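**Student:** First the structure, then my questions, so here it is.
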Amino acid sequence: MDKELILEKIKAQREYLEINPMLDYKKRIEALKKLYKNIKNMTPEINDALKKDLNKGEVETYMVEIGMVLSEISYMIKHCRKFSRPKRVPTPLAQFPSSSYRLPCAYGIVLIISPWNYPFMLAIEPLVDAICAGNSVIIKPSEHSPNTSKVIERLIATTFDPGHVTTVLGAVEECTFLLDQDLDYIFYTGSTRVGEIVMKKAAEHFTPVTLEMGGKSPCVIDETANLALAAKRIVFGKLLNCGQTCVAPDYIYCDEKVKDELIYELKRQIILQYTTDPISNPEYPRMVNQKQYDAMRSFIKDDKLIFGGKCSDEKLKIEPTILNASFDDEVMKEEIFGPIIPIVTFKDIDEAIKNINSLTKPLAFYIFSSSKENQNKFIDRCPFGGGCINDTIVHIATSNMGFGGLKQSGIGAYHGKVGFETFTHYKSILNKKTWLDLPMRYQPYNKFKAFLIRLFLR
Ligand code: NAD
């Protein structure tokens with residue numbers, strides 16, 4: 001996109017914010033309702049775009065792209081008024097007579113940079129939180145999911161005043177140009193490598209950031225786990241969007257005593273959920289592009305193969321593939337982001353925790369176990385963004401908890417109230433009354449004033 005056009009869009013948003021510095025909560029709700037209605041109306045177009053970009057089926061698209069966004073909008077419509085109110089807080093006696101409150105204020109222009117893997121949800125869900133908090137927003141969707149990016153552009157153009165929300169389509173050049181423009185908040189979802197670039201750029205202007213990134217999310221299975229159910233839920237979580245999911249269980253780390261039975265159950269579930277020929281299954285998504293396809297293929301080594309391994313160069317599809325693995329293997333060095341399931345085993349829980357913690361802090365963590373003690377051991381001792389006990393992925397499908405990582409897997413969080421707070425600066429305000437002016441803080445000091453100061457401040 002032309003740079004002059006990008007600058008015009010930013011100018012329009014600055015002018016809009018001058019007229020609406022504290023957008024009334026009723027207008028925010030109105031905007032959210034319009035967004036809800038237009039997403040519903042454009043559902044066939046959104047489905048079509050996701051089919052073209054990633055071969056996502058309609059049910060999966062509704063569940064993880066459209067439905068999640070609609071449910072976040074419903075939640076924010078319900079809570080916007082309450083969240084937007086000033087929050088009264090107690091005032092220390094030393095400040096008598098006065099009252100204090102925290103005033104939720106929008107940052108101004110929020111830049112949302114989104115990736116290709118859930119290209120609709122990961123652009124629109126942060127938008128919902130940012131609008132609810134009263135911001136103007138520029139969305140820069142991913143260049144690798146071009147059909148969805150165009151639908152997002154149309155959705156935004158038909159729903160919002162461009163001063164309120166607009167889009168900039170493009171790739172690295174456009175994104176870099178936007179990052180140079182001293183905007184008021186940056187919300188980025190994507191790889192850790194690019195997250196580092198975004199954070200450095202933000203630091204030049206002291207712009208606050210939220211970074212939603214990825215990592216190697218472990219899926220631990222101990223000897224007490226219900227293996228049939230574990231396999232069912234792991235296959236669901238791992239193969240959703242064909243493994244191209246930031247919170248997908250990246251690798252299985254199981255007690256060596258249950259490995260054989262677990263493999264048997266995993267194979268059974270892959271066939272039950274995706275048939276014996278997933279490549280021909282129209283509901284089974286493909287790799288987003290040749291680069292991603294080649295990266296996945298390179299992990300498949302004959303001497304490690306347990307199950308699957310077939311690929312289609314023409315369709316960019318790869319079968320769900322189970323591999324024997326150890327922490328030294330290439331497949332264990334970086335986030336996988338595809339339908340490859342390495343299985344590593346442990347003998348001892350303390351050793352397992354040590355090995356997990358030797359990798360960077362993951363975005364998600366899953367533990368399958370019937371032992372409360374083991375569940376707590378892993379949950380308490382392994383640092384990670386969020387996760388599930390005896391399930392995968394579903395912890396993100398709620399507006400009642402925040403979602404985000406830590407260190408290399410993310411900084412900050414969003415969804416629901418946490419999302420509102422992310423896009424809000426709280427002004428702390430003390431309103432001092434004028435009918436009394438206690439003298440103790442003013443010079444010249446004396447013993448009595450010193451006594452009072454010590455009395456109040458202890
Ligand atoms: P990516 O980092 O390649 O791209 C993300 C966005 O950054 C795109 O809009 C792209 O245009 C922009 N971008 C790319 N290179 C840039 C550069 N050099 N300078 C400025 N902008 C640049 O990420 P991706 O491949 O699109 O997404 C996959 C990654 O995202 C995975 O690592 C995954 O774990 C992570 N992810 C995280 C979450 C989460 O919620 N935490 C969700 C989805 C994906």
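The values are calculated or read from the model by the stated rules, or taken from the named source; none is laboratory data. It should be emphasised that the depicted structure is a prediction, and the values quoted were computed from it without experimental measurement. Please note: Cβ atoms are built from the backbone with ideal geometry, for glycine as well, and neighbour counts cover all protein chains shown. SASA here: full protein model, heavy atoms, side chains in, ligands and nucleic acids out. Shrake-Rupley method; radii C 1.70, N 1.55, O 1.52, S 1.80 Å.
**Student:** For the stretch 42-162, how big is Rg over Rh, using alpha carbon atoms and the Kirkwood form of Rh? Let's see the in-between values first.
**Tutor:** On the way: Rg = 18.7 Å, Rh = 16.3 Å.
Taking Rg over the Kirkwood Rh, I get 1.15.
**Student:** Moving on to the next point. Can you tell which of 142, 108, 243 lies farthest toward the positive end of the dipole of the chain, using +1 and -1 charges on the Cβ of basic and acidic side chains (Lys, Arg; Asp, Glu)?
**Tutor:** 108
**Student:** Note down, for the stretch 357-430, the three equivalent ellipsoid semi-axes (square root of 5 times each alpha carbon gyration tensor eigenvalue), biggest first, whole angstrom.
**Tutor:** The three semi-axes for the stretch 357-430 are 28, 14, 11 Å.
**Student:** Taking H as built 1.01 Å from N, whose amide H comes closer than 5 Å to the amide H of residue 251, not counting residues under 5 places away?
**Tutor:** Answer set, sorted by chain and number: 217, 219.
**Student:** Toward the positive end of the charge dipole of the stretch 43-91, about the Cα centre and with charges on Cβ (Lys, Arg +1; Asp, Glu -1), which of 67, 55, 89 goes farthest?
**Tutor:** Farthest along the dipole direction, towards plus: 89.
**Student:** Would you pull out the residues with amide H under 5 Å of residue 167's amide H, same chain only if 5 or more places away, H placed 1.01 Å from N?
**Tutor:** 139
**Student:** Right, next: Give the residue from 280, 298, 327 lying farthest towards the positive end of the charge dipole for the stretch 218-396; charges sit on Cβ (+1 for Lys and Arg, -1 for Asp and Glu) and the dipole is referred to the Cα centre.
**Tutor:** 280
**Student:** Helix 3-19 versus the longest principal axis of the chain: what is the Cα-based angle in degrees, 0 to 90, to the nearest 10?
**Tutor:** 40 degrees
**Student:** Now for a different question. Ordered by residue, what ³J(HN,Hα) values in Hz, to whole numbers, does the stretch 204-220 give under the Karplus form 6.51 cos²θ - 1.76 cosθ + 1.60, where θ = phi - 60° and Gly and Pro are x?
**Tutor:** The phi angles translate into 4, 10, 6, 8, x, 10, 10, 10, 10, 10, x, x, 9, 7, x, 10, 8 Hz.
**Student:** Starting at 0 and stepping by 5 Å, how many percent of the alpha carbon pairs of the stretch 102-198 end up in each bin?
**Tutor:** 3, 14, 26, 27, 19, 8, 3, 1, 0
**Student:** Turning to a different aspect of this structure: What is the Cα centroid distance between the stretch 118-149 and the stretch 193-238, reported in whole angstrom?
**Tutor:** Distance between centres, Cα-based: 19 Å.
**Student:** Go ahead and collect, in residue order, the members of the stretch 424-438 whose backbone nitrogen is under 14 Å from a label point 7 Å along the Cα-Cβ direction of residue 89.
**Tutor:** Those under the cut-off are 425-431.
**Student:** So what are the chain's ellipsoid semi-axes, whole angstrom, largest first, if each one is the square root of 5 times an eigenvalue of the alpha-carbon gyration tensor?
**Tutor:** Equivalent ellipsoid semi-axes, largest first: 44, 30, 19 Å.
**Student:** While we're on this one: Using θ = phi - 60° and the Karplus relation 6.51 cos²θ - 1.76 cosθ + 1.60, list the HN-Hα couplings for the stretch 61-78 in order, rounded to whole Hz, with x at every Gly or Pro.
**Tutor:** Each residue's phi maps through the Karplus curve to give 4, 5, 4, 10, 10, 6, x, 4, 5, 4, 5, 5, 5, 4, 4, 5, 4, 5 Hz.
**Student:** Further, regarding this structure: When the Kirkwood radius is taken over all Cα pairs of the stretch 175-240, what Stokes-Einstein diffusion coefficient follows at 10 °C and 1.306 mPa s, in µm²/s? Provide the component values of the computation, followed by the final result.
**Tutor:** Working: Rh = 14.7 Å.
Diffusion coefficient, whole number: 108 µm²/s.
**Student:** Quickly estimate the mean residue ellipticity at 222 nm for the chain, helices only: each DSSP H run with n ≥ 4 gives -39500 (n - 2.57), and the total goes over all residues, rounded to 500. Kindly include the intermediate steps, with their values, before the conclusion.
**Tutor:** Numbers: 16 runs with 190 residues, N = 458.
-13000 deg cm²/dmol, from helical runs alone.
**Student:** What accessible area per residue comes out for the chain, rounded to a whole number of Å², with a 1.4 Å probe? Mind dumping the intermediate values first?
**Tutor:** Details: 21110 Å² over 458 residues.
Ligands and nucleic acids excluded, the figure is 46 Å² per residue.
**Student:** Separate question: I'd like the Karplus ³J(HN,Hα) series for the stretch 123-132: coefficients 6.51, -1.76, 1.60, θ = phi - 60°, whole numbers in Hz, and an x wherever there's a Gly or Pro.
**Tutor:** 8, 8, 5, x, 4, 4, 5, 5, 5, 4
**Student:** I'd like the carbon and sulfur percentage of the solvent accessible area for the stretch 385-448, probe radius 1.4 Å, heavy atoms only, ligands and nucleic acids excluded.
**Tutor:** Values: 2240 of 3740 Å².
C and S atoms contribute 60 percent here.
**Student:** Roughly how many Å is it from the Cα centre of the stretch 9-72 to that of the stretch 384-451, as a whole number?
**Tutor:** 28 Å
**Student:** Assuming a viscosity of 1.567 mPa s and a temperature of 4 °C, what translational diffusion coefficient in µm² per second does Stokes-Einstein assign to the stretch 397-450, Rh being the Kirkwood radius over Cα pairs?
**Tutor:** Details: Rh = 15.6 Å.
Diffusion coefficient, whole number: 83 µm²/s.
**Student:** Output needed for the stretch 310-445: three equivalent-ellipsoid semi-axes, defined as square roots of 5 times the C-alpha gyration tensor eigenvalues, in descending order, whole Å.
**Tutor:** Working: eigenvalues 452, 88, 46 Å².
Taking √(5λ) for each eigenvalue gives 48, 21, 15 Å, largest first.
**Student:** Can you compute the charge dipole magnitude of the stretch 239-384 about its Cα centre, using +1 on each Lys and Arg Cβ and -1 on each Asp and Glu Cβ, nothing else charged? Give it in debye, rounded to the nearest 20. Show your work: numbers first, answer last.
**Tutor:** On the way: 19 positive and 24 negative charges, 55 e Å.
It works out to roughly 260 debye.
**Student:** For the stretch 218-396, report the convex hull volume of the alpha-carbon atoms normalised per residue, in Å³, without decimals.
**Tutor:** Once divided by residue count, the hull of the stretch 218-396 is 106 Å³.
**Student:** Then there is this: Write down the Å³ per residue value for the convex hull defined by the alpha carbon atoms of the stretch 98-149.
**Tutor:** Measuring per residue, one finds 71 Å³ for the Cα hull of the stretch 98-149.
**Student:** In whole Å, largest first, what are the principal axis extents of the Cα atoms in the stretch 120-169?
**Tutor:** Answer, in whole Å and largest first: 29, 18, 13 Å.
**Student:** Next question. Compute the relative contact order of the chain as a whole-number percentage, counting only Cα pairs closer than 8 Å that sit 6 or more residues apart in sequence. Walk me through the numbers on the way to the answer.
**Tutor:** Details: 870 pairs, mean separation 83.4, N = 458.
The normalised contact order for the chain reaches 18 percent.
**Student:** In debye to the nearest 20, how big a dipole does the chain give about its Cα centre with +1 on each Lys and Arg Cβ and -1 on each Asp and Glu Cβ?
**Tutor:** Charge dipole, the chain, about its Cα centre: 2640 debye, nearest 20.
**Student:** With a cut-off of at most 16 other beta carbons within 10 Å, and DSSP calling the residue loop, which GluC sites (Glu not before Pro) in the stretch 1-108 qualify? Please list them. Don't skip to the end; give the middle numbers.
**Tutor:** Numbers: sites: 4, 8, 15, 18, 30, 45, 58, 60, 65, 72; in loops: none.
Loop-located and lightly packed - none at all.
**Student:** Sticking with this one: Which of the pairs 33/200; 78/361; 11/427; 238/361; 11/200; 9/56 have their Cα atoms more than 28 Å apart in this structure?
**Tutor:** Values: 33/200 36 Å; 78/361 34 Å; 11/427 25 Å; 238/361 19 Å; 11/200 24 Å; 9/56 32 Å.
Distance filter (> 28 Å) returns 33/200; 78/361; 9/56.
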